[in-house]
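The values are calculated or read from the model by the stated rules, or taken from the named source; none is laboratory data. This is a predicted model, so every value here is computed, not measured. Glycine also receives a Cβ, built like all others from the backbone with ideal geometry; neighbour counts cover every protein chain displayed.
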Amino acid sequence: MITLVNAQQPPGYYNVTWNGKNSAGKLVPGGVYLYRLQAGDYEEVRKMMVVRYRPASAATRTSRRRLA
């Protein structure tokens, strides 16, 4: 678990961007993750999906050849 922001903020709209890394500084694997937003007495838990793109390796790529 990591904390992105832990500070008093005046009322308003805010954006927070997560870099996709865990507390050890490693990228988390693709999957569904929960996040929690707390503001005063308000608390909300939601889901987010992390999708990692990994191009096919040379061993799994298909090639097209014309056969005579």
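Of all residues in the range 1-43, those being assigned to a loop (DSSP other than H, G, I, E, B), among the small types (Gly, Ala, Ser) and within 30 Å of residue 53 (Cα to Cα) number 5.
If the condition is being in contact with a strand residue (DSSP E or B) (Cβ under 6 Å, 6 or more places away or on another chain) and exposed (fewer than 10 other Cβ atoms within 10 Å of the Cβ), then the range 16-33 contributes only 32. Taken over the range 34-54, the criterion of being among the β-branched types (Val, Ile, Thr) and either surrounded by 11 or more Cβ atoms within 10 Å (Cβ to Cβ) or in contact with a Pro (Cβ under 9 Å, 6 or more places away or on another chain) (or both) is satisfied by 50 alone. Inspect all residues belonging to the range 8-22 and state whether any of them is hydrophobic (A, V, I, L, M, F, W, C) and modelled with pLDDT of 90 or more. Yes, there is a match, as at least one residue in the range 8-22 is hydrophobic (A, V, I, L, M, F, W, C) and modelled with pLDDT of 90 or more.
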